[in-house]
Amino acid sequence: MKKSDDSVKIARYISEFLETYAPNFLTTSEHTLKSYRNALGLYICFLETESVTPESFSRHCFEREKIEKWIVWLKESRNCSPETCNVRLGSLRVFLEFLSDKDIEYLYLYQEAQKIKRQKCTKKKVSGFTRDAVAAMLAVPDVSTKTGKRDLVFLTLLYATAGRLDEIRSIKIQHLHLEGKKPYVNLIGKRDKIRTAYLLPKVVAYINAYLDAFHDGSPDPEAYLFYSRVGGKYTKLSEPALAKRIKICAETAHESCPEVPLDAHAHQFRHAKASHWLEDGINVVQVSFLLGHKQLETTMRYLDITTEDKIKALATLEDENQKAVPKKWKNKNGTLTDFCGLKK
């Protein structure tokens, strides 16, 4: 049976979304890119259980009724938690938004997907570091070594800027402005939004010592601050490598400060800094701005702020160069997963 125009177009768009659009225009986070790929891979696997083949693959496979059935399948067949189901649904919606931009005929799919209710989840409060825990973590790196200098600057920037892991990984030399009266670094956040984080003199001193050790005192503006030893100065240090360093430091810090969790991760520094800003009297509206949150409500949920604090905060508010798309979708004899260029 001949494949329909729909099947070929959608399979091609899946490949373009994963290989070109998402990494170039949505995010550089390996974790987020993996989430997109996993969600689409699982959706195609589900369609195969519904006996969908490359020949019968069409826009109807992405209609609301089918997506809702997929969510039930995720829960019952794969034992996914409500939180995981919501992440998968969010990733699929991003793809459908891309699809609707590519062809107006698919717009209704994205509109329908937006109406699907998220799964109810038990609210989990993000646990950040105490001030003592932060101090213990920053005391671990041995600055007499190159690795120690790097770890200290990395951990210090995580806390000082309240930056997301990928924002810190994405810092290039040109983003650092250390010479003026108010030194600062520009962080490139989600959807390439830029925010400025000012740096204290001690942090600047750490960074300068690091630059001497890792960038020979005359760094290239296009080089990454934290780069891969294998890929060179124009390749970011990977998320797993930095996550591993955090855990190594946490194991040592935990011995002197039990408040340091052994499963420490980068986002706890961001949450800790936001909490400490509030404790120091910075208004939640200002904290929201410093965190780079688009909506104040995001900060409210993020910091588990009480209704009373929320009222106070609201009162304060009142005074392409395109790349060639891999032609994996041309596979004539494979499964639907193969046809879409995905792996199970």
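The values are calculated or read from the model by the stated rules, or taken from the named source; none is laboratory data. Please read these numbers as outputs of a predicted model, since none were measured by experiment. With ideal geometry, Cβ positions are generated from the backbone for all residues, glycine too; neighbour counts draw on all protein chains shown.
Here are the numbers for the structure shown:
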{"quantity": "So residue 58, is it among the hydroxyl-bearing types (Ser, Thr, Tyr), under 28 Å from residue 25 (Cβ atoms) and touching a Phe, Trp or Tyr at 6+ places or on another chain (Cβ under 8 Å)", "calculated": "no"}
{"quantity": "Condition met for residue 196 (among the polar types (S, T, N, Q) and in contact with a strand residue (DSSP E or B) (Cβ under 7 Å, 6 or more places away or on another chain))", "calculated": "yes"}
{"quantity": "Residue ranges of helices (runs of 4 or more DSSP H) in the stretch 143-245 with at least 3 members under 22 Å from the mean Cα position of the chain (by Cα) and within 24 Å of residue 272 (Cα to Cα)", "calculated": "146-161, 165-169"}
{"quantity": "Candidate set from the stretch 129-142 (those that are aliphatic (A, V, I, L, M) and not in a helix (DSSP H, G or I)); member that is farthest from residue 31 (Cα to Cα)", "calculated": "139"}
{"quantity": "Residue among 167, 179 that is among the acidic types (Asp, Glu), at pLDDT below 95 and over 28 Å from residue 22 (Cβ atoms)", "calculated": "179"}
{"quantity": "Within the stretch 229-249, tally of residues that are of a type outside the set (Lys, Arg), surrounded by 17 or more Cβ atoms within 10 Å (Cβ to Cβ) and either farther than 19 Å from residue 168 by Cα or touching a His at 6+ places or on another chain (Cβ under 8 Å) (or both)", "calculated": "1"}
{"quantity": "Single residue of 20, 27, 49 found to be among the polar types (S, T, N, Q) and either farther than 22 Å from residue 190 by Cα or touching a Gly at 6+ places or on another chain (Cβ under 8 Å) (or both)", "calculated": "49"}
{"quantity": "Filter pass, residue 136 being surrounded by 22 or more Cβ atoms within 10 Å (Cβ to Cβ) and touching a Ser or Thr at 6+ places or on another chain (Cβ under 8 Å)", "calculated": "yes"}
{"quantity": "Long-range neighbours under 6 Å by Cβ, at least six apart or interchain, first residue within 10 Å of residue 195 (Cα to Cα) within the stretch 282-293, second among the charged types (D, E, K, R) and not in a loop (DSSP other than H, G, I, E, B)", "calculated": "292/195"}
{"quantity": "Of all residues in the stretch 84-118 being under 15 Å from residue 42 (Cβ atoms) and of a type in the set (D, E, K, R), the one that is surrounded by the fewest Cβ atoms within 10 Å (Cβ to Cβ)", "calculated": "93"}
{"quantity": "Among the candidates 188, 168, 116, residue that is β-branched (Val, Ile, Thr), in contact with an Asp or Glu (Cβ under 8 Å, 6 or more places away or on another chain) and assigned by TED's automatic domain parsing to the domain that holds residue 235", "calculated": "188"}
{"quantity": "Residues located in the stretch 176-194, provided they are crowded, with 19+ Cβ neighbours inside 10 Å and over 19 Å from residue 242 (Cα atoms)", "calculated": "176, 185"}
{"quantity": "Qualifying residue in the stretch 32-43 (condition: within 14 Å of residue 92 (Cβ to Cβ), of a type in the set (Lys, Arg) and surrounded by fewer than 21 Cβ atoms within 10 Å (Cβ to Cβ))", "calculated": "yes"}
